[in-house]
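The values are calculated or read from the model by the stated rules, or taken from the named source; none is laboratory data. Note that this is a predicted model, so its numbers are computed, not measured. Don't worry about glycine lacking a Cβ; one is built from the backbone with ideal geometry, like all the others, and counts go over all protein chains shown.
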Amino acid sequence: MYRLSRPVTDDDIQAFLADQELYIRETQSGTRAVIHKYGLVEINLIVGERDAEVWFAPEQGAYPSEYLDALFATRF
């Protein structure tokens, strides 16, 4: 889980998507936007929430974590 500096907006989701396909997952906590970035990370966001659930494979080294930090820095 990553704590964000402000709540997620629809514009944030669109910016992270770029030309990639958006996946939607219905959960008890709400509708999650699932964003897959180049096979490195999966980002789960809920509009209005300040937390992001992120999945990546630690065996890929530090690169996915560094990429994610840089990606979040562009919006939050």
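Summary table
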item	result
Counted residues, the stretch 52-76 - those being exposed (fewer than 15 other Cβ atoms within 10 Å of the Cβ) and of a type in the set (D, E, K, R)	3
Residue that is nearest to Arg3 (Cα to Cα) [pool: residues in the stretch 13-71 that are in a strand (DSSP E or B) and of a type in the set (S, T, N, Q)]	Asn44
Matching residues in the stretch 1-51 - criterion: being surrounded by 15 or more Cβ atoms within 10 Å (Cβ to Cβ), over 15 Å from Ala70 (Cα atoms) and among the basic types (Lys, Arg)	Arg32
Filter result for Glu21 (in contact with a His (Cβ under 9 Å, 6 or more places away or on another chain) and modelled with pLDDT under 90)	yes
